[in-house]
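Okay, so here's the structure we're looking at.
The values are calculated or read from the model by the stated rules, or taken from the named source; none is laboratory data. Because the structure is predicted, anything quoted here is derived from the model rather than measured. Glycine gets a Cβ as well: all are built from the backbone with ideal geometry, and neighbour counts include every protein chain shown.
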Amino acid sequence: MQLTDPVLPWLAGLLAAGVFVSVVLGWPRWRKRWARQVGRGVSVLLINALVIGMSFLLLNNTYVFYSSWSDVFGTSPLQQATAHGGSAGEILQKVPGPTLARVTGKRDFTLPDPGKRMQSYEVNDVASSTRMNVLVYLPAGYRSRSSRRYPVIVGLHGFPAVPHSFAKINFLHTADRLTREHQLAPTIFVIPQINNPTNLDTECVNGPAGAPQTDTWLSSELPRWVVAHFHVQTGRLSWATLGYSFGGWCAAELTMRHPSIFSAALVFEGYFELDFGRTYRPITGAARRPYDLVTMAGNNPPPVAVWVFGSRQDGLSAPTTTGFVQRAKPPLVVSATIVPTGGHRSAVYSPYTAGALSWLARTIPGFHA
C-alpha cells in the first residue's frame, strides 16, 4: 500500500477506535492484575500512536511532505539536470521598464545592530498601509561607511511562514561557505515578510482596493528601500530572487514579470501558476492570465535566468514545473534539476542549495566571485 493511499488514514482511525473500545470494555480480561495493567498501558500507548499516525497521514496526503515509503526512510533519489531556453549571453540585453539606478530621496546606511550580520527592520508597506518585518543578512566585512557595492538576493519564505523560517534553512550558511571558497560574490540577503496577516495566502499579487498590494511591495517598495539603506549594486544583473514552495512561486513571478529589476530566480519546489487558497481569491478570470508563467515561458519569455528544483512526486509543484521547463524559449534561460522521488519539504531540496547558488554565480555577472 502506498504512503499517500487515501485508505491508510481511515485504516489507522478504525484501528484506533477498535483499541479504544477494547480499553473501555476491559478486553482482554486477563486474570492477573499486573497483566491487566500492562495490557491497558500498552493499549493506551497504541491508541496514541495510531491517532498520531492518522494525523500525520492526513497532513501528508494534503501537503505531500513525504511521497513514498522510501522517501520516509531517506532513500536518496538520482537527479536529472537539464538546460532549456536560451543562452546565458541573452540575459545581458537591456530590458525596458523601471530600474533602481535613479532611486532618489534620503539615504541612511546606519545599522540598528552594528556589528551583527543579521539585521531586523519594520518597514512601511505604503501600498498596503501596513508594516512588514524584513531581515537583512549582511556579508562578512560589511560596513556602514564603505564604497563597496554588493549584489542582492531577495529571499522568499513559504506559506504559512515568516522571514525567520527562511533563515532556518541552509541558504545563508551555504552562501557563506561558497563566498569563503570564492565561488560566489559577497552578497546581501534581503528576507521580507510576504503576507500580512501571515495566514493570508496572497500569492504575491496585488489585490483589489483595500487588499494587500504584495506585488508592489516586493517589486518596487522593498527594492527602493534596500537601495536607500544599504550599499548595493542597482543594476538588474546584480539582483536575484530565491524562494521555496510558495516563496518559489513568488521568486519566479517577480523575476519573470519584473525583469528590469531582477535578472534571475532560484526556485525550490515552487510552482508556475497561481494557487490561491479557498478563502482569498483577489483576482479571477482574465486577470489571472498575466500570472500564467507556463504560457509566458513559451509565448513571451523575458531575458532572465531561472534555476528550478523539483520532484516528480511533489503534487504541488510537479505539474506546472514540468510545463514551465518544457515550454521555455529564448531569451529565457532555464536550468532544471529534477529528482524522481521526494516530498514537499526542505530535506528534499536543501542538498541542492550549493549547486543553485554556484549556478547563479556562473550565470549572472553581478554574482561572479
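How many of the residues in the stretch 121-149 are within 27 Å of residue 195 (Cα to Cα) and either of a type in the set (Ser, Thr, Tyr) or exposed (fewer than 15 other Cβ atoms within 10 Å of the Cβ) (or both)?
Selection size over the stretch 121-149: 9.
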Mind counting the residues in the stretch 202-219 that are touching a residue at least 40 places away in the same chain (Cβ under 8 Å), part of a loop (DSSP other than H, G, I, E, B) and surrounded by fewer than 22 Cβ atoms within 10 Å (Cβ to Cβ)?
3
Is it the case that residue 196 is closer than 28 Å to residue 289 by Cα, modelled with pLDDT under 95, touching a Lys or Arg at 6+ places or on another chain (Cβ under 9 Å) and crowded, with 17+ Cβ neighbours inside 10 Å?
yes
Please tell me if residue 94 is within 25 Å of the chain's Cα centre (by Cα) and charged (D, E, K, R).
no
Take residue 124 and decide whether it is over 19 Å from the mean Cα position of the chain (by Cα), of a type in the set (S, T, N, Q) and either at pLDDT 90 or above or not in a helix (DSSP H, G or I) (or both).
yes
Return the residues of the stretch 158-171 that are surrounded by 20 or more Cβ atoms within 10 Å (Cβ to Cβ) and either more than 11 Å from the chain's Cα centre (by Cα) or in a helix (DSSP H, G or I) (or both); say none if nothing qualifies.
163, 166, 171
Go through the residues of the stretch 227-236 one by one and say whether even a single one is touching a strand residue (DSSP E or B) at 6+ places or on another chain (Cβ under 7 Å), among the small types (Gly, Ala, Ser) and in the same structural domain as residue 87 (by TED's automatic domain parsing).
no
Run down 275, 314 and say which single residue is within 25 Å of residue 199 (Cβ to Cβ), touching a residue at least 40 places away in the same chain (Cβ under 8 Å), crowded, with 21+ Cβ neighbours inside 10 Å and among the acidic types (Asp, Glu).
314
